[in-house]
Amino acid sequence: MGGLGEVIVQMLLVVVQVITLLVLAPFIVGLIRKVKARLQCRSGAGLLQPYADLVKLFGKQPVVSSTTSWIFPAAPYIVFASTMAAGLLMPVFVSHSPLNFAGNIIALVYLLALGTFFLILAGLDAGSSFGGMGSSREAIVATLAEPAMMLSILAIALTAGSTNLSTIVHQSASLEGGLLVPPPHLMALAALFIVTLAETGRVPVDNPATHLELTMIHEAMLLEYSGRYLALMEWAAGIKLVVFLTLIVNVFAPWGIATTLTPDALALGVAVYLVKVSTLAVVIGVIESMFAKLRLFRVPELLGAAFILSLLALVFFYTLRG
Amino acid sequence: MPLSTHLGSQLVDLCSVLLLLCCFAIVAQRRLSACVDLFALQSLFLAATAALVAFLTGHTHIYLAAVLTIVIKVVILPRILKRVIERLNVSRELVMNVNVPAGLLICGGLVIVAFFITQPIIPLGYLLTRDSLAIALAIIMIGFFTMIARMKAVTQMVGFLVMENGVFLGATAAAYGMPLIVELGVFFDVLVAGLIVGIYTHRLQDAFDSIDTSTLTVLKE
């Protein structure tokens, strides 16, 4: 295969990977709901229900309050696009990505933060009291989660010697005896998992299934949205969840990811990826059933713990022989 | 052979880190019964570490210590503490000397201090467990901190037991475990201490209607 041909194949793979993320997102959301329903002895909606919801919402006409500015209709597109751009930087089932040069983990974190920022603005824009409340809460959570996320990712980046995501994944995937997780990674994994739950609005921090004014964070910001705007926002939230799950799965357990572009490796990579992400989604569903939502003022404690863990991951890197 | 030594060393490190994670969970936890459960989990990891060290080094007496750890610290002591909690009808620690986020930050600082202190010593060691020494010191300090930060007698007992776990890990890390007779003595001591605290907490509850140890300061002769 020539140099040009290989580049084209890789570019195609990037597109395929992003499409995988897009298509997978509603399924993962549905899977978590199904697991929760099963654990509560309900049969629950089908696994494909979120797809049906999205299709229905896309077909509806959006209603926009006359008091809103341009931010309100623009925010769904910005949130969706920034989340998808974050997905572009993510190695999904092939460990090296040709967009390696375009951005590293820090770019990924800030792309996601850009989405969060516009989500917060959109919540404030309509001027409803719930939206403002949700935005202020989201701002607290996002501010507290950011340092923990950065530190935990940096701890892993130090081990790999690069902040490029695909370099990190490629290195740990092709490592001899890659079955063994070095101790700093364990701390970073714990921290990143807590951050994932906080950033994607899962149970200990936010309850995605409720519309109770006192507790909701993510939902409160979306109350004013309808039609395709709401669909885009919901879809983007799903993609964000899948991006985080992919990050955890590929950085901490890159076993089986395709390191070469042979068809066998690719098939194995796709299969292993789907199994791993679904397993993680089931774990989240179980956690959501086991724990109650924390009071809002307890959330800083949880994220503080995540921050300390990620800090320790960094310290461990320098102390323990990797 | 060097690869398997390295692997073993990594595994021991991994188990020690799990012990430390349990410590942090205990510091962050307000529910007393969950604290006791976490202590039991930590002891289980400790037993796993000890068994691993025994397997890697061939010092068979450490197996005995691991079994004793499981029997006493995973089964008997948590049961005693749980019974105390049940009978006293206290479930939560509402007031603390240091609140949870500050406590976590302090513990993070303690870990860094422990690593800083052991930094010059560790490279001189030749045992495969030598890295655990830093973690053991950190666990001892966090256990001590828990005893200071918490007011309820039960959590102070958990802090003491966590300290004891740290000492055990330290002994395993520094010298592949203490002589058997010393270990037996230590286990007996811990068991007796658990029993005494169980009884002492009841007395405290009878006398003061609370198991807050700060009320002891009003005692007069």
Shielding score for A:310-318, defined as the mean number of other chain Cβ atoms within 10 Å: 4
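With Cβ to Cβ distances under 11 Å as the rule, what net charge do the other residues near residue A:209 carry (K, R +1; D, E -1)?
+1
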Net charge over other residues, Cβ less than 9 angstrom from the Cβ of residue A:47 (K, R count +1; D, E count -1): +2
Highest-first arrangement of A:241-248, A:60-67, A:143-150, where packing means the average Cβ count within 10 Å: A:241-248, A:143-150, A:60-67
Those lysines that a straight Cα-Cα span of less than 23 Å connects to residue A:56, excepting residues fewer than 8 apart in one chain: A:34, A:240
Tensor-based shape of region B:1-120 (alpha-carbon gyration tensor, a/c under 1.5 rounded, otherwise prolate or oblate): oblate
Alpha-carbon spread of region A:59-207, three principal axes, descending order, Å: 60, 32, 25
Positive-end extreme of charge dipole, region A:1-138 - chosen from A:111, A:11, A:92 (charges on Cβ): A:92
Surface share of carbon and sulfur [accessible, 1.4 angstrom probe, percent] for the protein assembly as shown: 71
Assigned charges on the beta-carbon of Lys, Arg, Asp, Glu; the protein assembly as shown dipole about Cα centre (debye): 900
Relative contact order computed over chain A (Cα-Cα under 8 Å; 6+ residues apart), in percent: 28
Whole-number D in µm²/s for region B:108-221 (Stokes-Einstein; Kirkwood sum over Cα pairs; 4 °C, 1.567 mPa s): 82
Other protein chain Cβ atoms within 10 Å, averaged over every residue that makes up B:17-27: 3
Residue-by-residue Karplus 3J(HN,Hα) for region A:245-256, coefficients 6.51, -1.76, 1.60, Hz, glycine and proline x: 4, 4, 4, 4, 4, 7, 7, 9, 9, x, 5, x
Cα-centre dipole for chain A with unit charges at Cβ (Lys and Arg positive, Asp and Glu negative), debye to 20: 640
Listed peptides B:97-108, A:289-300, B:142-153 by packing density, highest first (mean Cβ within 10 Å): B:142-153, B:97-108, A:289-300
Dipole of region A:1-77, positive end: most advanced residue of A:37, A:20, A:64 [Cβ charges, Cα centre]: A:37
Peptide B:130-138 - average C-beta neighbours from other chains (10 Å radius): 2
Unit charges on C-beta of K, R, D, E only; dipole of chain B, Debye: 360
Among A:215, A:233, A:248 the positive-end extreme of the charge dipole of region A:134-280 (Cβ point charges): A:248
Computed Kirkwood radius, in angstrom, where 1/r is averaged over Cα pairs of region B:1-40: 11.5
Solvent-accessible heavy-atom area per residue, rounded to whole Å², over region B:145-191 at 1.4 Å: 34
Derived scalar couplings ³J(HN,Hα) [region B:35-44; Karplus, 6.51 cos²θ - 1.76 cosθ + 1.60; whole Hz; x for Gly, Pro]: 4, 5, 4, 5, 4, 4, 4, 4, 5, 5
Whole-angstrom Cα spans of chain A along principal axes, big to small: 57, 45, 42
Distance from region B:1-49 to region B:157-191 (C-alpha centre basis), Å: 15
Column: log10 I(q)/I(0), Debye, Cα scatterers of chain B, q = 0.09, 0.12, 0.16, 0.17 Å⁻¹: -0.37, -0.63, -1.05, -1.16
Sum of side-chain charges, residue B:210 neighbourhood, beta-carbon under 15 Å (Lys, Arg +1; Asp, Glu -1): +1
Inverse of mean 1/r across different Cα pairs in region A:1-134, Kirkwood, Å: 17.8
Quotient of Cα Rg and 2.2 N^0.38 Å for the protein assembly as shown, N being how many residues it contains: 1.07
Relative contact order (%) - criterion: Cα under 8 Å, at least six apart; region: region B:52-201: 29
Contact order normalised by residue count of region A:38-149, Cα under 8 Å, 6+ apart, percent: 26
Region A:175-270: GluC sites (Glu not before Pro) in DSSP coil with no more than 14 other Cβ atoms inside 10 Å: A:176, A:213
GNM top mover of B:51, B:193, B:134 - chain B, alpha-carbon springs below 10 Å: B:193
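The values are calculated or read from the model by the stated rules, or taken from the named source; none is laboratory data. Since this is a predicted model, take the numbers as computed values, not measurements. FYI the Cβ positions are ideal-geometry reconstructions off the backbone, even for glycines, and counts take in every protein chain you see. These accessible areas exclude ligands, DNA and RNA; they are computed on the full protein's heavy atoms, side chains included. Shrake-Rupley method; radii C 1.70, N 1.55, O 1.52, S 1.80 Å.
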